[in-house]
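A short worksheet on the structure shown next.
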Amino acid sequence: MILTQNLTKRYGKTLAVNNLNLNIERGVIFGLVGENGAGKTTALSMLATLTLPSSGRAYVCGHEVTREPQAVRRSIGYMPDSFGVYDDLTVIEYLRFFAQCYGVERRVISRRAEELLERVRLADKREDYVNHLSRGMQQRLEVARCLMHDPDVLILDEPSSGLDPKSRLEMRSVLAGLRDLGKTVIVSTHILNELAEVADEVGILLRGELVAVAAVQVMVQHSSAYRTIVIDGRDLGDRFMKALMGDPHVAEARPLAPGWEILYAGTLAQQAELLSRLVSEGFAITQFREQPTDIEQLFLRLAAIQEGVVT
Amino acid sequence: MKLNLNPLLLKEFRQRMRTVRAPLVITAYLFGMSVLTVFLLYENVQGQLYLVQPTKSQQVFALVSLLQMVVVAFLTPAFASGAVSGERERKTLAVLLTTPVGPFGILFGKVVSSSALLVLLVVLTLPVYSLVFLYGGAVPAQVASVLGFQLVTIVVISTVCVLFSTVALRSTWSTVFAYGSVGLMTVIFGAIGYGLKSLYEQNPIDYSALVWSHFFYALDPLYVEAAFLGVVSAGPHVWMAFVEFYAAVIAILLIPSLWRLRPQWFSWLPFVSGTEKQYQ
């Protein structure tokens with residue numbers, strides 16, 4: 001349904017997206033995860049025909065984005081990362097306007113608008129002015145707007161950005177509901193955990209490159225194999241780092257101020273052995289504690305050190 | 001036959017007529033024009049109906065028409081200058097560009113919706129004009145041509161303003177360009193025409209000064225309307241030069257406007273690549 005082949009975009013000397021290869025099947029919810037500036041928006045913007053690729057190809061529903069942009073536009077619903085709404089239009093008028101832009105038949109528009117407002121839980125707001133809705137409601141309305149012409153593909157760029165925790169949960173529930181509609185969805189976020197319940201597959205984008213693609217469950221399992229441990233003490237210099245890296249289960253060690261943070265792939269018993277060895281080698285350890293690992297950060301770090309790339 | 005109206009047009013009509021500004025402008029304008037016309041007509045008849053002077057009535061008609069042209073010319077940018085730049089600033093343009101409406105549909109919808117209120121103003125002043133007929137002096141054909149030209153001028157100014165609002169990324173700049181254009185059309189071109197004509201009168205051998213004077217006069221909507229009213233002498237088809245010139249200006253402005261909306265269409269030009277983001 002969505003296929004990209006070495007899709008690349010350059011802005012002058014900056015490489016925003018580098019050789020992106022994606023193959024998203026029909027009905028799959030695909031999460032594109034990456035830090036700000038990783039190239040998510042540029043990648044989605046190319047799929048939405050707003051940005052011309054510098055090289056490579058992208059197909060949406062079998063239509064090449066540069067050669068058949070009009071056909072692509074008809075088959076997608078695009079929600080940009082940063083969007084505005086029109087003043088002085090009610091919710092129902094807003095949806096009707098966009099449906100008319102796509103040439104949806106008049107008799108279909110009202111029925112579909114009502115259904116979608118139910119789906120995004122805005123049915124009681126149908127006569128409210130769009131600009132009077134909260135940010136969370138506007139973002140849910142945008143999802144409904146994307147669906148008004150019944151596209152096969154939804155391209156949602158950071159649909160939960162800037163929302164409070166309650167609104168994030170509501171948005172997550174709306175996104176999960178898209179699965180029932182059988183739509184192919186590509187959704188970007190910089191928080192991987194948000195996609196755990198929603199997406200089927202996740203791709204990690206790092207500085208414009210897709211460094212990992214996997215089923216969400218695989219990624220979650222993979223990440224659970226790693227723990228982040230913070231170690232502090234006196235005189236933990238280069239000798240300490242050599243001692244750390246001597247342990248085969250230490251995937252990465254980086255200095256903090258003060259102390260060290262390591263990414264550890266061993267068992268709890270092996271972890272205890274590491275501590276014991278460090279003490280026996282004469283290091284004055286004052287702190288050795290595990291801290292929660294952010295899945296996304298973990299994968300970005302793993303990708304960055306070219307270890308644990310999931311395929 | 002199914003009538004497919006531009007959806008942007010319908011939306012714009014709805015939005016514009018919901019604001020306080022639209023009815024306020026219409027009411028204030030009609031009130032002002034009615035008071036002025038009645039005052040000028042009263043000046044003509046001086047409270048008696050035995051000796052009505054049609055020539056004076058004609059002067060009233062000319063004065064009201066020219067005044068209307070000035071007001072309409074300077075009101076149009078207020079409705080059109082932020083048409084596309086406003087969409088860009090509100091961050092609604094990118095979504096609109098992913099719909100099948102496309103750049104031409106967007107520009108068409110914006111031009112027509114921006115012109116509509118002004119056209120409505122002109123049409124609503126027809127009853128005021130009809131007062132002039134009571135005392136003679138202006139024939140219906142002349143009134144029709146004057147109003148027709150006013151409508152053309154509204155569309156021309158609207159189009160120029162919408163195109164500038166597409167080219168300029170910020171509404172502040174598009175407003176400056178829009179009022180600059182109206183100033184150029186109504187004041188500067190007329191002044192240049194007058195200057196060149198004066199030059200010719202001082203030196204009748206310099207015939208080119210007269211030709212250029214006619215050219216610049218033809219670009220001034222006030223002068224062309226004055227020609228329709230018989231206030232100034234001009235060629236019978238002076239309005240054609242006006243239409244041709246501004247059609248060329250619009251065609252030229254259309255190119256950078258389309259570039260701003262769909263830079264992809266111009267990707268073969270070296271300086272365009274990689275610039276989409278800031279325009280949309």
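How much of the accessible area of chain B, probe 1.4 Å, is carbon plus sulfur, in whole percent?
The C+S portion of the solvent-accessible surface of chain B is 73 percent.
Order A:MET241, B:MET185, most accessible first, counting only protein heavy atoms with a 1.4 angstrom probe.
A:MET241, B:MET185
Note that the protein assembly as shown presents 45 Å² accessible area per residue, ligands and nucleic acids not counted, probe 1.4 Å.
Can you give the mean number of other chain Cβ atoms that lie within 10 Å of the Cβ atoms in peptide B:227-238? All intermediate terms of the calculation are to be shown ahead of the outcome.
Details: counts 0, 0, 0, 0, 0, 0, 0, 0, 0, 0, 0, 0.
Averaged over the peptide's residues, the number is 0.
What is the distance in Å between the Cα centres of the range B:87-122 and the range B:142-183? Cα centroid of the range B:87-122 versus Cα centroid of the range B:142-183: 14 Å apart. The phi torsions of the range B:176-191, fed into the Karplus equation with coefficients 6.51, -1.76 and 1.60 and a -60° offset, translate into couplings of 4, 4, 5, 5, x, 5, 5, x, 4, 5, 8, 10, 5, 4, x, 5 Hz, rounded to whole numbers, with Gly and Pro shown as x. Comparing the full protein assembly with the isolated chain (1.4 Å probe, heavy atoms, ligands and nucleic acids excluded), the residues of the range A:1-37 losing at least 50 square angstrom of accessible area are A:TYR11. Percent of Cα pairs in the protein assembly as shown per distance bin of 20 Å, from zero to the largest separation: 17, 37, 26, 14, 5, 1, 0.
When the solvent-accessible surface of protein heavy atoms is calculated with a 1.4 angstrom probe, in what order do B:TRP259, B:TRP173 fall, highest first?
Numbers: B:TRP259 60, B:TRP173 150 Å².
The residues order as B:TRP173, B:TRP259, largest area first.
Buried accessible surface for the A/B pair, both sides summed and rounded to the nearest 100, is 2700 Å² with a 1.4 Å probe. The packing ranking, built from the mean of other Cβ atoms within 10 Å per residue, places the peptides B:232-244, A:148-160, A:131-143 in the order A:148-160, A:131-143, B:232-244, highest first. The portion of the accessible surface of the range A:2-214 made up by carbon and sulfur, rounded to a whole percent, is 44 (1.4 Å probe; DNA, RNA and ligands excluded). Shown here is the pair-distance distribution of chain B: with all Cα-Cα distances grouped in 10 Å bins from zero up to the longest one, the shares run 6, 25, 28, 23, 12, 4, 1, 0 percent. Take A:ARG179: with every protein chain present and a 1.4 Å probe, its accessible area is about 100 Å². Would you mind classifying the range A:118-192 by shape? Square roots of the alpha carbon gyration tensor eigenvalues, ordered a ≥ b ≥ c; an a/c under 1.5 is rounded, otherwise it is prolate if a/b is larger than b/c and oblate if not. Because a/c hits 1.5 or more and a/b fails to exceed b/c, the range A:118-192 counts as oblate. The residues of the range A:53-94 listed by number as losing at least 40 Å² of accessible area in the complex, against the isolated chain and with a 1.4 Å probe, are A:ARG73, A:SER82, A:GLY84, A:TYR86, A:ASP88, A:LEU89, A:GLU93. For B:GLU89, the accessible surface of its heavy atoms amounts to roughly 80 Å² (probe 1.4 Å, protein chains only, rounded to the nearest 10).
For the range B:6-30, a drop of 40 Å² or more in accessible area on going from the chain alone to the assembled protein chains (1.4 Å probe) is found at B:PRO7, B:LYS11, B:ARG14, B:GLN15, B:ARG18.
Converting the Cα gyration tensor eigenvalues of the range B:30-179 into ellipsoid dimensions via √(5λ) gives semi-axes, longest first, of 40, 14, 11 Å.
Sequence-ordered 3J(HN,Hα) estimates for the range B:193-206 from the Karplus curve with 6.51, -1.76 and 1.60 and θ = phi - 60° stand at x, 5, x, 5, 5, 4, 4, 5, 5, 6, 9, x, 6, 6 Hz, glycine and proline given as x. Residues whose amide H lies under 5 Å from that of A:VAL17, counting only those 5 or more places away or on a different chain, are A:LYS9; hydrogens are built 1.01 Å from N in the peptide plane.
The values are calculated or read from the model by the stated rules, or taken from the named source; none is laboratory data. On a predicted model such as this, the values are computed, not experimentally measured, just so you know. With ideal geometry, Cβ positions are generated from the backbone for all residues, glycine too; neighbour counts draw on all protein chains shown. The area values use the complete protein model at the heavy-atom level, side chains included, leaving out ligands, DNA and RNA. Shrake-Rupley method; radii C 1.70, N 1.55, O 1.52, S 1.80 Å.
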